[in-house]
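Some notes on the structure that comes next.
The values are calculated or read from the model by the stated rules, or taken from the named source; none is laboratory data. On a predicted model such as this, the values are computed, not experimentally measured, just so you know. Heads up, the Cβs are rebuilt from the backbone with ideal geometry, glycines too, and the neighbour counts pull from every protein chain shown.
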Amino acid sequence: MKKVINMRQMQDDQEGIIRKISASGQMGKRIREMGLVPDTPIQIRGRAPLKDPVAVKVRDFVLTLRNDEASHIMVEVDMPER
Amino acid sequence: MTLSGSITIALTGNPNSGKTTVFNAMTGARQHIANYPGVTVEKKSGKIIHKGHEVNVVDLPGTYSLTAYSVEEIVARDFLINERPDVVVDIVDGSNLDRNLYLAVQIRELGIPLVVALNMMDVAESRGTAVDCKRLSELLEVPVVPMVARSKVGIQELLDKVIELAQTRPGWKPATISYGSDIDISLDKIAALIEQSEVYDRKYPARWRALKCLEGDNQMISLLKRDPVIGLRIEEICKVTTRHIIDTLGDEPEAIITDYRYGYIAAVTRNTVKRRIESRLDLSDKIDKVLTNRFFGPIIMMGIFYAIYAFTFWASEEPMNWLETFFSYTKDMVNSFMPEGVLQSLIVSGIIDGLGGVLGFVPLIMCMFFAIAILEDSGYMARMAYMLDRVMRWFGLHGNSVMAMIVSGGISGGCAVPGVLATRTLMDPKERIATLLVVPFMNCGAKLPVFAMLIAAFFSNNQTRVMFLLTILAWAFALLSAKLLRSTVLRGPKTPFVMELPPYRLPTLQGLLIHTWERTAQYVKKAGTVILGFSILLWAAMTFPGLPQEKEDFFKRARSDRINVFLKEEGVDAYLKDEDSLKRLEVLISEIKASKFGQGDPLLPLAMAVLRITGGSNPERDIGPQLEGIATGFLRLRIDLKSIEAEKRQNALGHTVAGRLGRLLEHITKPLGFDYRVNISLIGGFAAKEVILSTLGTAYSLSDSEQELEYSLQERLRNDPGWNPLKAITLIVFVMLYVPCMATLMSIRKETSWMWVGFSLVFNLTVAYLVAMICSQAGRILGLGV
């Protein structure tokens, strides 16, 4: 089952496809410029020891984002059937 | 071969694309570093000759984009537009093509002649990525040169291509990318208006300028105001378009433009890049599983912090000793070859000590920069920032601030000079300034002897515990001050922490050495001259005005009176007639001391010298009670003369500008319990914290050599009724927090501006004063240490 969730809610190693970025201004610009645009596949690589920031594999590199920033990114993921 | 005019090329590229490696491979050691006017971004350039052509290479700051959000981007963009280099070389990481092409596409839109250097092709290949360079070149309409800059593959071919392109004298040919019909129509309208205007300069291609207006680029929009009529019409179009785009697509034009650019890149790479589909983790990912592990990550990081600290101070110890030996040797030489007096004092205490103050730090700085270069070039620095971000963010600092704080003395005994210079790794100016303003609070190596002396004098039972407490206190003050600064003078929006974790790479020795060398050389050049000047100034303040004549005479008389008392002692007068014969005795003693007899009993040379002047030759027979009398009398004379001399120096110091200032400051420092003697030594500590102890010694008229000074000061203060543990703690806290030393201030100047140097002085003094005041008053109220 496909479901669109917030990047912040994603589990480690979970994969997904970006659907929408709701951040604007400098933050939105930075996020997009680094290649986080709609239809881009991503994978969560892990989180820092205090669970923030989060490391994301996007295209051919790894990017870190704070949770505050990750909450602006909506990602379509596969949800296991209950 | 003839030189056919010089060509200027600019290197651009994403951070971590290997741009610096390409620049180093092209220019080697022939680099020139300066700062761009008004900003702390480094401008590196180098001149090379390639096949008879003079090529001027400028290394622009690494950027992901050409917007106006960061200083680096503005600097890079302004350089391209204003300096108009003949050719731009965009260094593109071939193993990470999509994101790297984002910058290349923007340069194509600007239209400046471009060569794409497809770097790290070896990494791309090992990841199973194959790039069709010919097809890529056709689609982007620019030459593409594959290369591996690390092993210097492709550098010559790149230069060939650059010169080939430059010789055709190509004009600017902006590429046109479609952003969907709505935006495209508006772009055409705006571009047409821009072409109409008489006021706008032709430096920027009209469509590019239109694009920037729609993107909401502040720099470009403010330029619109130059032509009020057309400017207003353009702004109106932007407003309408923005509203329309938000209504229909639910996003700002800025976002849509970025999405379309990535769409264009996707179309390009679909046709040129073949990826072998695989999902295995590469080496970098595997290393990260350990190094950023929730449990092991922080432990390893602490270990690395400690290792850097240990390495920096271990590796620089020997060279620092050499320098110290060299400077003290030079001082001895000057002392023995020059007559005593003001000139000698100026050269020894002003100039040589000043030079020592500059150059003495060099080994330390080099070692620290070397260690930092390893962290940066290997990619670990980004991981540190990643792991520490959550903690440091709370204080308004960056993960990398920790590095600077540790080097400055986060583990007791660092140095704030390399610490301030280490803040260079911080990108956000406010975070950087906040960090470099608080690192002088850390307990650097020069403050430690002062602490050690006071602790030994007043807290001899808990030395280790008090020392540890002081380390914790320093961290607390630094972090809390950072929080204070970041919520007042340095308040600013939280910068987004969108940061790349670059793949781990083995640093190249050439890269490390060049990094280390250029940063060290900059320190010596910039900080050196000013520190020397200040050192001389401070020397003058602690030397002039000298004692008035009657005081000089007073001490002279005291001295000769004491000598006369000795010369008239029974038995002495037969052998020692006047001061000259005393001098001969001293010379004799030091001669014997230097001979084989100087090794054993320290009194033996004295005894032998006395024996010789009395004409005796047989110690068995000739040393009688009479000779013993001369010897002990002489020893007593020596001690008394020393204390007269010490008293004279104390008086002289009190009479100088610094001394008077110290007394004047008593009005302010009284609540802290500091008298003029403490004040003078604190003034001296402004030159270097090492000076505090020796000045305090002079102010308390102690005459011992440096080795014994710490001990005798301890004794003196412990038995002084004016001193108690509370006063000691107050002084410790004050020394910990008050003004940074000159070398640190000059490093702050180098990294920021005089304004921040002034701020640092005032801020640190205020914090120190308030904290010391609270400490002393609270202690008094609680009845401690009285």
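Might you let me know whether the stretch B:54-63 holds any residue that is surrounded by 19 or more Cβ atoms within 10 Å (Cβ to Cβ), over 30 Å from the mean Cα position of the chain (by Cα) and more than 16 Å from A:Arg30 (Cβ to Cβ)? The answer is yes; a qualifying residue exists. Could you go through the stretch B:77-84 and let me know if any residue there is outside the structural domain of B:Ile257 (by TED's automatic domain parsing), modelled with pLDDT under 90 and surrounded by 21 or more Cβ atoms within 10 Å (Cβ to Cβ). Within the stretch B:77-84, none of the residues are outside the structural domain of B:Ile257 (by TED's automatic domain parsing), modelled with pLDDT under 90 and surrounded by 21 or more Cβ atoms within 10 Å (Cβ to Cβ).
Suppose we filter the stretch B:114-137 for residues that are part of a loop (DSSP other than H, G, I, E, B) and either more than 10 Å from chain A (Cβ to nearest Cβ) or among the acidic types (Asp, Glu) (or both); how many remain?
Here is the first cut: in the stretch B:114-137, the ones part of a loop (DSSP other than H, G, I, E, B) are B:120, B:127-128, B:132.
Cutting the leftovers down to either more than 10 Å from chain A (Cβ to nearest Cβ) or among the acidic types (Asp, Glu) (or both) gives us B:120, B:128, B:132.
The total comes to 3.
Does B:Val767 meet the test of being touching a Ser or Thr at 6+ places or on another chain (Cβ under 7 Å) and of a type outside the set (Ser, Thr, Tyr)? I'd like the intermediate steps shown before the answer.
On the way: touching a Ser or Thr at 6+ places or on another chain (Cβ under 7 Å): yes; of a type outside the set (Ser, Thr, Tyr): yes.
Taking the combined requirement at face value, the residue satisfies it.
Residues that are more than 24 Å from B:Asn96 (Cα to Cα) and either more than 7 Å from every other protein chain (Cβ to nearest Cβ) or more than 13 Å from the chain's Cα centre (by Cα) (or both), at least 1 per element: which strands (runs of 3 or more DSSP E) completely within chain A meet that?
Values: elements: A:2-6, A:15-21, A:41-47, A:54-58, A:61-65, A:73-78.
The qualifying strands (runs of 3 or more DSSP E) are A:2-6, A:73-78.
For residues that are buried (at least 21 other Cβ atoms within 10 Å of the Cβ) and assigned to a helix (DSSP H, G or I), tally how many sit in the stretch B:430-452. Talk me through it step by step, then tell me what you get.
Initial filter on the stretch B:430-452 (buried (at least 21 other Cβ atoms within 10 Å of the Cβ)): B:431-444, B:446-447, B:450.
Now narrow it down to the ones that are assigned to a helix (DSSP H, G or I): B:431-441, B:450.
So the count comes out to 12.
B:Leu159 satisfies every condition listed in (1) touching a residue at least 60 places away in the same chain (Cβ under 8 Å); (2) touching a Ser or Thr at 6+ places or on another chain (Cβ under 9 Å) except (2). A count restricted to the stretch B:430-476 and to residues that are within 21 Å of B:Trp394 (Cβ to Cβ) and among the hydroxyl-bearing types (Ser, Thr, Tyr) stands at 2.
All conditions but one from (1) away from chain A (no Cβ under 14 Å); (2) touching a Ser or Thr at 6+ places or on another chain (Cβ under 7 Å) apply to B:Pro319; the one that does not is (2). When B:Tyr204, B:Tyr200, B:Tyr260 are screened for being in a helix (DSSP H, G or I), of a type in the set (Phe, Trp, Tyr) and under 28 Å from B:Gly171 (Cβ atoms), only B:Tyr260 passes.
To keep it simple, each residue is scored yes or no on (1) part of a helix (DSSP H, G or I); (2) under 38 Å from the mean Cα position of the chain (by Cα); (3) within 12 Å of chain A (Cβ to nearest Cβ).
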| site | (1), (2), (3) |
| --- | --- |
| B:Arg77 | yes, yes, no |
| B:Asn82 | yes, yes, no |
| B:Ile91 | no, yes, no |
| B:Ala104 | yes, yes, no |
| B:Ile112 | no, yes, no |
| B:Leu139 | yes, no, no |
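The residue that is modelled with the highest pLDDT, among those in the stretch B:399-429 that are more than 15 Å from B:Tyr306 (Cβ to Cβ) and surrounded by fewer than 24 Cβ atoms within 10 Å (Cβ to Cβ), is B:Pro429. Of the residues examined, B:Ala130 is one that is over 28 Å from B:Ala34 (Cα atoms) and touching a Lys or Arg at 6+ places or on another chain (Cβ under 8 Å). Counting residues in the stretch B:212-225 that are within 14 Å of another protein chain (Cβ to nearest Cβ), loosely packed, with under 14 Cβ neighbours inside 10 Å and either free of Cβ contacts under 8 Å to residues at least 12 places away in the same chain or not in a helix (DSSP H, G or I) (or both) gives zero. Entry remark, the stretch B:259-274: residues being basic (Lys, Arg) and more than 14 Å from B:Arg99 (Cβ to Cβ) number 2 in total. Within the stretch B:384-429, can you find the residues that are within 14 Å of chain A (Cβ to nearest Cβ) and in a helix (DSSP H, G or I)? Answer for the stretch B:384-429, where residues must be within 14 Å of chain A (Cβ to nearest Cβ) and in a helix (DSSP H, G or I): B:Met384, B:Ala385, B:Tyr386, B:Met387, B:Leu388, B:Asp389, B:Arg390, B:Val391, B:Met392, B:Arg393, B:Trp394, B:Val402. The listed residues are B:Leu513, B:Leu479, and the only one of them that is in a helix (DSSP H, G or I) and within 18 Å of B:Asn400 (Cα to Cα) turns out to be B:Leu479.
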